[in-house]
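All remarks here apply to the structure that follows.
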Amino acid sequence: MATSGNLSDEPICTDEHEALDRLRGIADVFLVHDRPIVRPMDDSVARIVCGRELILRRARGYAPFPIHLNAPVPSILAVGAH
């Protein structure tokens, strides 16, 4: 499993130097890249219960809530800022 890095109740680390310093005692491996984190945001957390998805924490990918429309619309691909 890969996720953003932070300890409970602490802000997310926003660069690899901060992550290596703050999380070296709890992380086995660090996967880093050369793209800056502009808006740190917690990951969504979901679980499958009785065959259905139960969202425990709504964040990127699940926020804001979906908008249900009564009329068909064309398919749209939305990607990150870069």
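The values are calculated or read from the model by the stated rules, or taken from the named source; none is laboratory data. A quick note: this is a predicted structure, and the numbers were derived from the prediction, not measured. All Cβ positions, glycine included, derive from the backbone under ideal geometry; neighbour counts span all protein chains shown. Please note that ligands, DNA and RNA were not included when accessible areas were found on the heavy atoms of the full protein model with its side chains. Shrake-Rupley method; radii C 1.70, N 1.55, O 1.52, S 1.80 Å.
Looking for something touching a residue at least 24 places away in the same chain (Cβ under 8 Å), surrounded by 10 or more Cβ atoms within 10 Å (Cβ to Cβ) and not small (Gly, Ala, Ser) - is there at least one such residue anywhere in region 42-59? Let's see the steps before the verdict.
In the first step, residues of region 42-59 are kept if they are touching a residue at least 24 places away in the same chain (Cβ under 8 Å); the result is 42-43.
Restricting the remaining residues to those that are surrounded by 10 or more Cβ atoms within 10 Å (Cβ to Cβ) gives 42-43.
Now narrow it down to the ones that are not small (Gly, Ala, Ser): 42-43.
The answer is yes, given that some residue of region 42-59 is touching a residue at least 24 places away in the same chain (Cβ under 8 Å), surrounded by 10 or more Cβ atoms within 10 Å (Cβ to Cβ) and not small (Gly, Ala, Ser).
Would you please name the residue that is modelled with the lowest pLDDT, looking only at residues in region 70-82 that are within 26 Å of the chain's Cα centre (by Cα) and open to solvent by 100 Å² or more (accessible area, probe 1.4 Å)?
82
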For region 1-41, give me each residue that is modelled with pLDDT under 85, open to solvent by less than 60 Å² (accessible area, probe 1.4 Å) and among the small types (Gly, Ala, Ser).
4, 5
Among the residues of region 60-69, the number that are open to solvent by 100 Å² or more (accessible area, probe 1.4 Å) and under 28 Å from residue 12 (Cβ atoms) is 4
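On the basis of being part of a loop (DSSP other than H, G, I, E, B) and in contact with a Cys (Cβ under 6 Å, 6 or more places away or on another chain), does residue 25 make the cut? Break it down into steps so the answer makes sense when it comes.
On the way: part of a loop (DSSP other than H, G, I, E, B): yes; in contact with a Cys (Cβ under 6 Å, 6 or more places away or on another chain): no.
Taking the combined requirement at face value, the residue does not satisfy it.
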Restricting to region 28-76, name every residue that is of a type outside the set (Val, Ile, Thr) and not in a loop (DSSP other than H, G, I, E, B).
46, 47, 52, 53, 54, 56, 57
